[in-house]
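Asker: Following this message is one structure expressed as structure tokens.
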Amino acid sequence: MGRMGTRVSDRIAAIAPSATLAVDAKAKALKAAGEPVIGFGAGEPDFPTPDHIVEAAVAACKDPKNHRYTPAGGLPELKEAVAAKTARDSGYDIDAGQVLITNGGKHAVANAVATLIDPGDEVLLPAPYWTTYPEPIRRAGGTVVEIATDEGSGFQVTVDQLEKARTPKTKALVFVSPSNPTGAVYPRAQIEAIGRWAVEHGIWVITDEIYEHLVYGANEHHSMPVLVPELADRCIVLNGVAKTYAMTGWRVGWMIGPTDIVKAATNLQSHETSNVANVSQRAALAAVSGGLDDVARFRENFDRRRIAMYESLNAIPGVTVLEPEGAFYAFPSFKAVLQRPVLGRQVSTTLELADLILEEAKVAIVPGEAFSAPGYARLSFALGDDDLREGVARIADLLAK
Ligand SMILES: Cc1ncc(COP(=O)(O)O)c(C=O)c1O
């Protein structure tokens, strides 16, 4: 038995279930039972994967060379295409030897952290943060050092805050822009300042660029190692096809880093999972070497839904939300709602409120507790316009009762 008294090992027993997947599972179960549930929980585009990508996968299925093991770190042609795409999209010049193809962006997070973090290392994590970041850090024996941000700074961490949190044990910073869960997009000058601070203190940056193409209005995506080239030797870029090409189910992501780190991470992957399914890699190859027309179409739809969600949430008494700048999430505050009864009940946390909204209004939202931000909730706007309108209206009706 582990020290925690379970049959499960201490390390694994200490892992919290993914709160976002839990909400989604509960909502899907209610839906399967015939309830008219509207889900704002899942972080995935509602569009099907574009045809030319699916067709490349169908062809790949029929080619026996894809029925075999291939190099653990990814198909050489996909690594080349990722290098070319990275230069095209963010201006970061890398070679294929700096790329490891992983089972989705989530696996890239796990590999990057496992390769970098030793027991006792401190990792700076601006909050609210995506639920998946802290777990692999703790599993590696690292210490998560949370840095709280709020609406006042647009949910963006400052160099002052980072500097206050820095100790001799600080090994790395996890950075994400556009952000899940807040929808924040850091301006160029701030990304540059954070990169310079990291270089000055020899701190690694793991920068997650999975939402790079989903920025709205005047917001722009900038890649930290492009703005601060001296950072490249201590920088890992995470990315994948899930959000850009509506390919969440295909499970292809990648990490880009210095060659020694990528070689070590590839070694790890060779024992853990071997190569990502070749059919999926061939689909990803078609995606990244194709154009950006499909994502432009997705972005246009998300942008319209973003405005609809922003306006309709802000119109609910007690709810306030910043205009999402990127990704496909709104992150409203429900703090004022928690001060008064709903349906005659005093609801004191967003965890309880999310449960009540799911039970009574049949609408799934992810409580801020999942992102270390109680008082808030995350609503994805990657769903159809009618569902979006109806879902927010149901929340508004419930909160008026
Ligand atoms: C910030 C961020 N990074 C990475 C991922 C990983 O996506 P996937 O594992 O589906 O490629 C997600 C998915 O929700 C995300 O929100």
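Asker: Could you please find all residues in the range 69-83 being of a type outside the set (D, E, K, R) and within 17 Å of G290 (Cβ to Cβ)? Even if it seems obvious, please write down each step before you answer.
Answerer: Taking the range 69-83 and keeping what is of a type outside the set (D, E, K, R), we get 69-76, 78, 81-83.
Result: L75, L78, A81, V82, A83.
Asker: Suppose we filter L100, L124, L162, L173 for residues that are modelled with pLDDT of 95 or more, more than 15 Å from the ligand (Cβ to nearest atom) and not in a helix (DSSP H, G or I); which single one remains?
Answerer: It is L124.
Asker: Given I210, I147, I191, I203, which one is surrounded by fewer than 17 Cβ atoms within 10 Å (Cβ to Cβ), of a type in the set (A, V, I, L, M, F, W, C) and out of contact with any Asp or Glu (no Cβ under 8 Å at 6 or more places or on another chain)?
Answerer: Answer to the selection: I147.
Asker: What residue, among those in the range 215-251 that are basic (K, R) and within 15 Å of the ligand (Cβ to nearest atom), is farthest from the chain's Cα centre (by Cα)?
Answerer: R251
Asker: T259 passes all but one of (1) within 16 Å of the ligand (Cβ to nearest atom); (2) farther than 26 Å from V157 by Cα; which number fails?
Answerer: It fails just one condition, (1).
Asker: Report those helices (runs of 4 or more DSSP H) wholly inside the range 1-86 carrying at least 3 residues which are touching a strand residue (DSSP E or B) at 6+ places or on another chain (Cβ under 8 Å) and either assigned by TED's automatic domain parsing to the domain that holds A377 or crowded, with 20+ Cβ neighbours inside 10 Å (or both). So that I can check it myself, show each step before the final result.
Answerer: Numbers: elements: 10-13, 19-32, 51-61.
The helices (runs of 4 or more DSSP H) meeting that bar are 19-32.
Asker: Does G142 qualify as being buried (at least 16 other Cβ atoms within 10 Å of the Cβ) and at positive phi?
Answerer: no
Asker: Another question, if that's okay. Give me the pairs, please: first residue somewhere in the range 77-88 and free of Cβ contacts under 8 Å to residues at least 12 places away in the same chain, second residue anywhere and of a type outside the set (D, E, K, R) and crowded, with 17+ Cβ neighbours inside 10 Å, beta-carbon distance under 9 Å, and either six or more positions apart or on two chains.
Answerer: Correct list of pairs: A87/I94.
Asker: Quick check on this structure: which one of E300, E323 is under 19 Å from F155 (Cα atoms) and modelled with pLDDT of 95 or more?
Answerer: E323
The values are calculated or read from the model by the stated rules, or taken from the named source; none is laboratory data. These numbers come from a predicted model, not from an experiment. Reconstructed Cβ throughout: ideal geometry from the backbone, glycine too, with neighbour counts over all protein chains shown.
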